[in-house]
Amino acid sequence: MMPMKLMGLRGGLWALATGIGCGAALALVYETEREFFSAGDFDGDGRADVVVVDRASGKYRLGYAQSDGTYRWVDNRVTGVKDVSGITVGRLFDPQRDALGVTAADANLIAVVEAANPGQGVGPNR
Ligand SMILES: [Ca+2]
């Protein structure tokens, strides 16, 4: 997608983290040939976290925003969806924090994952 190519990965993540994701703002999703990128407040602390989803494996990686402006990146987590064709971020489980929705058109399913705990992933709901 054009914006990621123009801004580069770091610029894109910065824009995601600073421009959207908290409150009721709509989360923009950017995509490359291999990954999707978006932002949201996954732990409900009021700071915009970032998420990277690998298209082929469906695994996602979260960077939880810290109070000092850095990100605490956690290990990959599994969505159970391979060959991902789209993602979304929004208040899908809880009005205080965002969740991640992942879909694959060929699999005919949507997996929704909560990521409230930076120390532990939660299995997907389908
Ligand atoms: Ca957060």
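Bear in mind that the values in this text are calculations on the coordinates, not laboratory data. These numbers come from a predicted model, not from an experiment. Cβ sites come from the backbone with ideal geometry, for glycine too, and all protein chains shown count toward neighbours.
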Requested in this report: Could you tell me whether Asp43 is touching a Pro at 6+ places or on another chain (Cβ under 9 Å), surrounded by 17 or more Cβ atoms within 10 Å (Cβ to Cβ) and of a type in the set (D, E, K, R)?
Outcome: yes
**Report entry** Matching residues, region 73-96, being in contact (Cβ under 8 Å) with a residue 12 or more places away in the chain, over 14 Å from the mean Cα position of the chain (by Cα) and over 21 Å from Glu33 (Cβ atoms)
**Finding:** Gly80, Phe93, Asp94, Gln96
Requested in this report: Output the strands (runs of 3 or more DSSP E) that fall wholly within region 53-111 and possess 3 or more residues being out of contact with any Pro (no Cβ under 6 Å at 6 or more places or on another chain) and away from the ligand (no atom under 16 Å from the Cβ), or say none.
Outcome: 86-94, 97-104
